[in-house]
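A quick write-up on the structure given underneath.
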Number of protein chains: 2
Amino acid sequence: MRSDGATRIADASPGLSPDAPIAEFSERELIARIRRPLPAAPAWMIVGIGDDAAVVETERNRLEVLSLDAIVEGVHFDRRFTPPRAIGHRALAVNLSDLAAMGAAPRLALVSLVLPPALPVSHFDGIVAGLTDLAAKERVEIAGGNLARSPGPIVVDITVVGTVKRRRALTRAGAKAGDELYVSGSIGAAAAGLDRFRSTDAGDAGAPAADDPLASAYCFPTPRVRLGVLLGRNEAASACMDLSDGLGDAVHQLAAASGVGATIEADWLPIHANAREWFAARRIDAIDASIAGGDDYELLIAVRPRGRRRFEAAVRSSGTAVTRIGVCTADREVLLRRSGQEAALPRGYQHFR
Amino acid sequence: MRSDGATRIADASPGLSPDAPIAEFSERELIARIRRPLPAAPAWMIVGIGDDAAVVETERNRLEVLSLDAIVEGVHFDRRFTPPRAIGHRALAVNLSDLAAMGAAPRLALVSLVLPPALPVSHFDGIVAGLTDLAAKERVEIAGGNLARSPGPIVVDITVVGTVKRRRALTRAGAKAGDELYVSGSIGAAAAGLDRFRSTDAGDAGAPAADDPLASAYCFPTPRVRLGVLLGRNEAASACMDLSDGLGDAVHQLAAASGVGATIEADWLPIHANAREWFAARRIDAIDASIAGGDDYELLIAVRPRGRRRFEAAVRSSGTAVTRIGVCTADREVLLRRSGQEAALPRGYQHFR
């Protein structure tokens, strides 16, 4: 995190209200607001926030896994129904989900915040709190980053670095015909939450009630960090990827990368009960919506039949439920079997169109 | 680089014109356009572009140096006078400059492109070419990244990872009173180039003529990669940082981080001859403008008097000129001495205000 340029006489800005725009603050003060909640840096971090770059010791006998993902206001979230904490949480969660999909344990993150100058400082603090709370929970060190002004949308771009033992990284490309396909947790709740936000007047985005599973699924997805690490460590999956763009997309991608086909059983899909209820009330097909909907940060996992016991042991240790949803096939077709009929499995979200 | 979501029947899109908006292309095709110019991945890259994350072997006995920096349309560049190649070049150059300032040799980059769907594909190709050309020149592997749609400005966010030997990383914090201050190359040309773009009708942004040093300095800054690496390797600098936000800002930051003051000699500043000429014609004070102006990706270097021969040897090997511009002092004041008078050294660019 570079303290570029600005200083201000009263860096503590004690007189400014929570509604004051961040333009009223120096970068030094904004960076101090990010550093304040962070725990002491570990010994392996030689230079942390505050210089041109971070300097770290690498982990011996481990491969390094790196991912970068951005969330963009107006594309990946809407400020009207995504509270600031959720923006920070999701920006880190989507990246941790990518590491989990590779079987890697997260280690550090670099954070780029591109922010409109009119953003109230209380929203800045909320974004930071969402980020640092999840980082603390998953033991990810914030090693540095960058603050820049945006002439338009909020963009939060995060790079995460994790580690995995040699030959234990999970890729999308290892599935073979006959491997069974599983999905973690449940699907559809984030899509239902988004649909509900869009179809009701959300008002100003307060934090969703803790007992509102649809809003929570959309705003505060849980990256499957521990499950991913255990799958990698125990060589319990032949291929893995996360569902960021929906289950339909993930099955297509994993199948293409592995050179196999797949058949998904519609009746086996673990659609969240509240999502089913929401979609039923809206007369939307819950299966289609749950397959197409993005924002579920669950894992799609391929498992060799002879590795099923190792897989089950890893799942038990992870504390995360999984559901078998289908099988990989030799013929390259990606199908959904529903009421005895087979049809092409729909894909998910398309980014540019 | 994730191939999120989209596919298209004609992935090669042979019939589309260079003016076609990227919304007409699938992400798969856009990613293919990024991969096409890249050289074969080195053996240490176990998984490159195309999975949830990159997997790499780390370098033995080296510390890792990580930096992330964004450039934002309307803030860091203006499409009217920054050709697409320059956008790609600068996005990587500013990051390589951060590594150089730490004495680190660059190794890999992750690239986040947040792009408006209406962007002509020829501009997309230009941004990619600027990026991949500089990456090839400086031997940086593009290990992955992300494509996302922007509802407004272009945002290019790049994370670079480099390596440095233990105890050879340069920080901002090592300068002592009596250390001499040097700057690499020349200053002021990028600020003059920007001023000229702003004060003349630039028309549509073609590539600047190769013999136009002001436009080149602004559009295609040269990160001082080799100089930074040699300074680190030879322990030839007591502190170092880059000038991204101007010389004035850099001297203030380095002095504050080191707990020293500094006196800069105005007459010694290596102001680019064409910049002097431009500012003279505009009746702008060339010294003030060159101190305040950002976008010079030169290095500010502090050198112990007893280490000067090591420093001179490193500079000779680097092929980059340096100029002594002042000295670090014990009294914490940061001054500019000009025509026999001392006054506070002005700071540079302020990001949010």
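The values are calculated or read from the model by the stated rules, or taken from the named source; none is laboratory data. Just so you know, these numbers come straight off a predicted model, no measurement behind them. Reconstructed Cβ throughout: ideal geometry from the backbone, glycine too, with neighbour counts over all protein chains shown.
Only one entry in A:Ser244, A:Ser258 is farther than 30 Å from B:Pro117 by Cβ, buried (at least 16 other Cβ atoms within 10 Å of the Cβ) and within 14 Å of chain B (Cβ to nearest Cβ), namely A:Ser258. May I ask you to verify whether A:Val75 is among the β-branched types (Val, Ile, Thr), surrounded by fewer than 24 Cβ atoms within 10 Å (Cβ to Cβ) and modelled with pLDDT under 95? It is true that A:Val75 is among the β-branched types (Val, Ile, Thr), surrounded by fewer than 24 Cβ atoms within 10 Å (Cβ to Cβ) and modelled with pLDDT under 95. Answer with yes or no whether A:Ala100 is touching a residue at least 24 places away in the same chain (Cβ under 8 Å), within 15 Å of A:Leu119 (Cβ to Cβ), more than 7 Å from chain B (Cβ to nearest Cβ) and not in a loop (DSSP other than H, G, I, E, B). The answer is no for A:Ala100.
Anything in segment A:36-50 that is within 10 Å of chain B (Cβ to nearest Cβ) and in contact (Cβ under 8 Å) with a residue 12 or more places away in the chain? List them, or say none. Let's see the steps before the verdict.
The initial filter retains those residues of segment A:36-50 that are within 10 Å of chain B (Cβ to nearest Cβ), namely A:44, A:46-47, A:50.
Selection gives A:Trp44, A:Gly50.
Scanning segment A:287-297 for residues that are surrounded by 22 or more Cβ atoms within 10 Å (Cβ to Cβ) and out of contact with any Asp or Glu (no Cβ under 7 Å at 6 or more places or on another chain) yields A:Ser290, A:Ile291, A:Gly293, A:Asp295, A:Asp296. When segment B:139-151 is limited to residues that are over 13 Å from B:Leu38 (Cα atoms) and in a loop (DSSP other than H, G, I, E, B), the one that is nearest to the chain's Cα centre (by Cα) turns out to be B:Ser150.
For segment A:79-133, the candidate set comprises residues that are under 20 Å from A:Thr159 (Cβ atoms) and among the polar types (S, T, N, Q); within that set, the residue that is surrounded by the fewest Cβ atoms within 10 Å (Cβ to Cβ) is A:Thr132. Residues to consider are A:Ala192, A:Ala215, A:Ala236; find the one that is buried (at least 24 other Cβ atoms within 10 Å of the Cβ), away from chain B (no Cβ under 14 Å) and part of a loop (DSSP other than H, G, I, E, B). Just one listed residue meets the conditions, A:Ala236. Within segment B:56-70, work out how many residues are among the charged types (D, E, K, R) and either within 7 Å of chain A (Cβ to nearest Cβ) or touching a Leu at 6+ places or on another chain (Cβ under 8 Å) (or both). Result for segment B:56-70: 3. Give segment B:170-189 a look and list any residue that's of a type in the set (A, V, I, L, M, F, W, C) and surrounded by fewer than 24 Cβ atoms within 10 Å (Cβ to Cβ), or say none. Matches in segment B:170-189: B:Ala173, B:Ala177.
Any residue that is free of Cβ contacts under 8 Å to residues at least 12 places away in the same chain, out of contact with any helix residue (DSSP H, G or I) (no Cβ under 8 Å at 6 or more places or on another chain), farther than 30 Å from B:Arg168 by Cα and not in a helix (DSSP H, G or I) - is there at least one of those in segment B:283-295?
Looking only at segment B:283-295, we keep the residues that are free of Cβ contacts under 8 Å to residues at least 12 places away in the same chain, and these are B:283, B:285.
Retained after the next criterion (residues that are out of contact with any helix residue (DSSP H, G or I) (no Cβ under 8 Å at 6 or more places or on another chain)): B:283.
Next, only the ones that are farther than 30 Å from B:Arg168 by Cα stay: B:283.
Keeping just the survivors that are not in a helix (DSSP H, G or I) gives B:283.
Scanning segment B:283-295, I find at least one residue that is free of Cβ contacts under 8 Å to residues at least 12 places away in the same chain, out of contact with any helix residue (DSSP H, G or I) (no Cβ under 8 Å at 6 or more places or on another chain), farther than 30 Å from B:Arg168 by Cα and not in a helix (DSSP H, G or I), so the answer is yes.
Among (1) assigned to a loop (DSSP other than H, G, I, E, B); (2) farther than 29 Å from A:Ser318 by Cβ; (3) within 17 Å of the chain's Cα centre (by Cα); (4) not basic (Lys, Arg), where does A:Ser112 come up short? Condition not satisfied by A:Ser112: (1). Exactly one residue out of A:Asp19, A:Asp11, A:Asp4 is within 9 Å of another protein chain (Cβ to nearest Cβ) and either modelled with pLDDT under 95 or assigned to a helix (DSSP H, G or I) (or both): that is A:Asp4. For segment A:155-167, indicate whether the set of residues that are in contact with a Gly (Cβ under 7 Å, 6 or more places away or on another chain) and free of Cβ contacts under 8 Å to residues at least 60 places away in the same chain is non-empty. Among the residues of segment A:155-167, not one is in contact with a Gly (Cβ under 7 Å, 6 or more places away or on another chain) and free of Cβ contacts under 8 Å to residues at least 60 places away in the same chain, which makes the answer no.
Can you tell which of A:Gly88, A:Gly126 is without any contact (Cβ under 8 Å) to a residue 60 or more places away in the chain, away from chain B (no Cβ under 12 Å), part of a helix (DSSP H, G or I) and touching a helix residue (DSSP H, G or I) at 6+ places or on another chain (Cβ under 7 Å)?
Working: A:Gly88 fails: without any contact (Cβ under 8 Å) to a residue 60 or more places away in the chain.
When all the criteria are applied, what remains is A:Gly126.
Among the candidates B:Ala344, B:Ala330, the residue that is within 14 Å of chain A (Cβ to nearest Cβ), farther than 21 Å from B:Leu227 by Cβ and modelled with pLDDT of 95 or more is uniquely B:Ala344. Within segment A:140-157, restricting attention to residues that are modelled with pLDDT of 95 or more and under 23 Å from A:Glu57 (Cβ atoms), the residue that is surrounded by the fewest Cβ atoms within 10 Å (Cβ to Cβ) is A:Glu141.
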